[in-house]
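**Student:** Please read through the structure below; I'll follow up with questions.
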Amino acid sequence: MEPQNIALKIKGLAELIPRQDMEKFVFKMLLFAWGIIIILIAMKVFLGPRDYIKRRILNAATVVKKGSMEQADIAKYESVFSLVKYPEAIDVYSQKVTRDPFSEQKHEAETKDVVTSERDFVILSIERIPLPMVYKGYIELPDKIIGQVNWHEATKFVNHGSVIYEYKIERILKDRLIASDKNGARIEFNLNKPVLTDKLEAVLYDNVSLETYSVRLSSQLEGYKIVEITPNSVVLKNEGIETMLEKK
């Protein structure tokens, strides 16, 4: 069909359509054409790199007969497989991957089973151990004073001559209580103040188990035995080897 005849047919068709409908029709056709253009541009953007890779593969590949592969042909096939696996140069990926993602977990698993010279114990504090009994108060009667003492968390009331566990109450005053232990040693308990002994207790933090431990002489700790505690150090023993931790 000649172009003139096509133009006449389009003109005749346009005269049949009302003017306002014609404007809507033209507007819709323009929108449709614009949509087609956007789709073509998007396909070129997203499919372009893929087509580029295909072209590189086709250019690199050669037809090789069975049993006739030479070193040069092997190099070509290796380049093809490398291109399929790594669209970019492999050096680019080597720079991006700086370490084995499992190396840290492997290191943790190895170090957790290995006991170092200190096993990462840290001394948090070393304090003198108080006696379990504290003079907490009194009740004043016309003829005597009754003492209130705490034995750990338990509250007890005592008179002159009372025996609480290994301590004998010798005298009760408003500001202090005097007792003697099983060896006859005199001990003075001031009101609301603990009596500190010469024995020491240490608080250790274990960086491996992330736990905090209160230990005394002869305590057992994660396979270690506490063999000595001084005001500034703790000595642990494991399998005959002694390790000294120093207070910082």
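**Student:** Would you check which residues across segment 211-221 are in a loop (DSSP other than H, G, I, E, B) and either exposed (fewer than 15 other Cβ atoms within 10 Å of the Cβ) or not hydrophobic (A, V, I, L, M, F, W, C) (or both) and list them?
**Tutor:** Correct list: ARG216, SER218, SER219.
**Student:** Among the candidates VAL203, VAL227, VAL208, VAL235, which residue alone is β-branched (Val, Ile, Thr), in a loop (DSSP other than H, G, I, E, B) and within 18 Å of VAL122 (Cα to Cα)?
**Tutor:** Exactly one residue qualifies, and that residue is VAL208.
**Student:** In segment 87-174, which strands (runs of 3 or more DSSP E) lie fully inside it and hold 2 or more residues that are surrounded by 12 or more Cβ atoms within 10 Å (Cβ to Cβ), of a type outside the set (S, T, N, Q) and at pLDDT below 90?
**Tutor:** none
**Student:** Now for a different question. Anything in segment 222-242 that is surrounded by 18 or more Cβ atoms within 10 Å (Cβ to Cβ) and without any contact (Cβ under 8 Å) to a residue 40 or more places away in the chain? List them, or say none.
**Tutor:** Within segment 222-242, ILE226 is the sole residue that qualifies.
The values are calculated or read from the model by the stated rules, or taken from the named source; none is laboratory data. Treat the numbers as computed from the prediction; the structure is a model and nothing was measured. Because the Cβ atoms are built from the backbone with ideal geometry, glycine has one as well, and the counts that use them run over all protein chains shown.
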